[in-house]
1. Considering only the other residues whose Cβ falls under 10 Å of the Cβ of A:PRO54, what net charge follows from Lys and Arg at +1 and Asp and Glu at -1?
2. Could you give the size of the charge dipole of the stretch A:1-154 about its Cα centre, using +1 on the Cβ of each K and R and -1 on the Cβ of each D and E, expressed in debye and rounded to the nearest 20?
3. What FRET efficiency comes out for the pair B:PHE204/A:GLU119, r = Cβ-Cβ distance, R0 = 56 Å, nearest 0.05?
4. How would you order A:108-116, B:93-101 from highest to lowest mean count of nearby Cβ atoms within 10 Å?
5. Using +1 at the Cβ of each Lys and Arg and -1 at the Cβ of each Asp and Glu in the stretch A:155-224, identify which of A:LEU198, A:PRO211, A:SER180 lies farthest towards the dipole's positive end.
6. How would you rank A:28-34, B:202-208, highest first, on the average number of other Cβ atoms within 10 Å across their residues?
7. Where does each of B:TYR179, B:TYR143 land when they are ordered by accessible area, with a 1.4 Å probe and the largest first?
8. For chains A and B, what's the summed buried accessible area, probe 1.4 Å, to the nearest 100 square angstrom?
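The values are calculated or read from the model by the stated rules, or taken from the named source; none is laboratory data. Worth saying up front: this structure is predicted, and the values here are computed from it rather than measured. Neighbour counts run over all protein chains shown; Cβ positions are idealised from the backbone, glycine included. Note: areas computed on protein heavy atoms with side chains; ligands, DNA, RNA excluded. Shrake-Rupley method; radii C 1.70, N 1.55, O 1.52, S 1.80 Å.
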Protein chains: 2
Amino acid sequence: MVTRTAGPDVDTTRVAVSTVIFSLRRDPADDRPAVVMPLVRRTRDPYEGLWALPGGWLDLSESLDTAASRTLGETTGLAPSFLEQLYAFGAVDRSPSRVVSIVYWALVRPDEAERAAAEENVAWFDTADLPCLAFDHREIVDYALWRLRSKVGYSRIAHGLLADEFTLAELREVYEAIYSRRLDPANFRRQVENSGTLIPTERFRTGSHRPARLYRYNREVELADRGPLTHSESSRS
Amino acid sequence: MVTRTAGPDVDTTRVAVSTVIFSLRRDPADDRPAVVMPLVRRTRDPYEGLWALPGGWLDLSESLDTAASRTLGETTGLAPSFLEQLYAFGAVDRSPSRVVSIVYWALVRPDEAERAAAEENVAWFDTADLPCLAFDHREIVDYALWRLRSKVGYSRIAHGLLADEFTLAELREVYEAIYSRRLDPANFRRQVENSGTLIPTERFRTGSHRPARLYRYNREVELADRGPLTHSESSRS
DNA sequence: GCAAAAGTGTTCTCTCTACACCCATGG
DNA sequence: CCATGGGTGTAGAGAGAACACTTTTGC
């Protein structure tokens with residue numbers, strides 16, 4: 001048995017809930033957005049001082065989804081625009097005591113990320129340049145990034161990283177940041193226009209050069225196809 | 001607090017592992033395969049007498065994957081050709097006591113299903129004609145079916161429902177059973193031939209009409225893209 | 001020979017891609 | 001006027017759907 005200073009019964013499996021949170025931040029150098037995520041510095045024994053995913057223990061009286069929202073808010077103060085279960089991690093040696101972690105992943109808009117950026121013990125990192133992480137959290141983050149890249153290809157979750165109104169160039173930059181690859185502006189425009197998920201507004205983003213039309217997402221279209229789980233188990237209290 | 005006759009501490013969350021198992025069985029009437037699954041009749045209090053997914057409690061010293069394999073074997077005697085985590089279900093009211101279920105889904109080949117078909121308290125059901133299920137298992141099955149239909153489109157998991165060698169017609173019937181839709185034999189042949197996942201043999205399936213060439217899967221090609229989870233967390237211990 | 005499944009060829013449409021080109025604005 | 005990003009046009013490659021057609025077997 002492992003020596004620990006505090007915590008409940010060591011002979012039971014405990015259930016934790018953690019969340020991988022993604023947002024975007026513009027690099028001051030090249031002005032292009034990068035995928036960033038908040039991490040929490042551990043203040044207790046296992047892996048003290050290392051960075052870890054925000055999370056906490058599952059309460060007896062809350063569902064997994066509720067626990068994810070709650071611990072996410074408690075540790076980072078963030079309100080996500082998208083939240084979905086990622087995977088359950090339960091290797092025996094992933095923690096000194098036996099812990100099964102139900103991991104979620106979330107998107108937050110840049111304005112929301114900025115609003116809550118001043119939390120204690122929380123710092124934002126570029127996903128391309130992460131520090132050493134506690135537990136198996138590095139592996140978890142890699143899986144979440146893979147899921148983000150897959151899902152952005154067949155759903156409209158990119159929406160969760162943008163404000164209500166945005167230009168096509170801004171939307172394209174989201175995809176470019178996630179794919180780490182430049183996209184043809186002309187072809188991108190047509191693809192997204194033909195998808196039926198965008199509604200053009202009469203407003204324009206002025207600045208340099210020709211003003212760009214602002215678009216917003218069509219709320220009739222589902223954010224992401226989750227199959228039969230759309231709003232049954234997932235949103236149950 | 002809920003009245004129960006046996007089991008550990010009621011004030012803790014327990015972790016269960018269940019598996020949705022799919023196989024194929026030919027309908028004697030039209031000779032076309034249908035997607036079937038084994039269910040276990042409950043012999044204890046919550047939902048006694050109803051059918052439920054095979055499963056059991058997570059042991060302290062085994063990983064989630066190991067627990068899924070173990071409980072699947074203990075309850076049904078089956079050895080799956082494919083096993084993957086599906087989702088973690090944790091609504092507060094899904095069971096009289098607090099249970100978080102890590103649900104897996106699996107494929108077994110028809111010959112394996114027939115070999116183990118004589119288990120006690122286990123029966124096979126057509127997924128299109130399921131009985132009333134215990135707990136939230138009906139919801140779980142629906143999600144697993146959705147995942148099966150999605151995944152068969154972008155991976156070669158159909159392999160897990162066939163013997164080592166098979167004709168293109170047999171492979172096509174697998175897809176037709178999962179999609180509940182007829183496919184054009186000519187176009188299906190080309191798609192699967194151009195995918196590079198099949199290796200033609202020199203053997204033929206003789207019977208009625210013109211003999212059909214037997215194929216086998218190219219083991220070089222991954223069964224399903226699982227991203228960074230390919231063989232790290234999943235196969236640990 | 002005939003029915004039926006195995007297997008091949010052809011055409012049409014649709015999407016993706018590359019890239020040329022015009023438009024509108026700030027400087 | 002010119003540089004730059006916004007926005008349109010267009011031609012070619014490739015995938016998929018529909019379907020005509022040939023081949024090979026059992027009966």
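1. Details: positive: none; negative: A:GLU74, A:GLU119.
Overall, the nearby charge balance is -2.
2. On the way: 17 positive and 23 negative charges, 41 e Å.
It comes to approximately 200 debye.
3. Working: r = 68 Å, r/R0 = 1.21.
Here the calculated transfer efficiency is 0.25.
4. Working: A:108-116: 17.0, B:93-101: 18.7.
Top to bottom by mean Cβ count within 10 Å: B:93-101, A:108-116.
5. Farthest towards the positive end: A:PRO211.
6. Numbers: A:28-34: 11.0, B:202-208: 9.4.
Highest to lowest by the protection proxy: A:28-34, B:202-208.
7. Largest to smallest exposure gives the sequence B:TYR179, B:TYR143.
8. Numbers: alone 13230 and 13230 Å², together 23230 Å².
Chains A and B together bury approximately 3200 Å².
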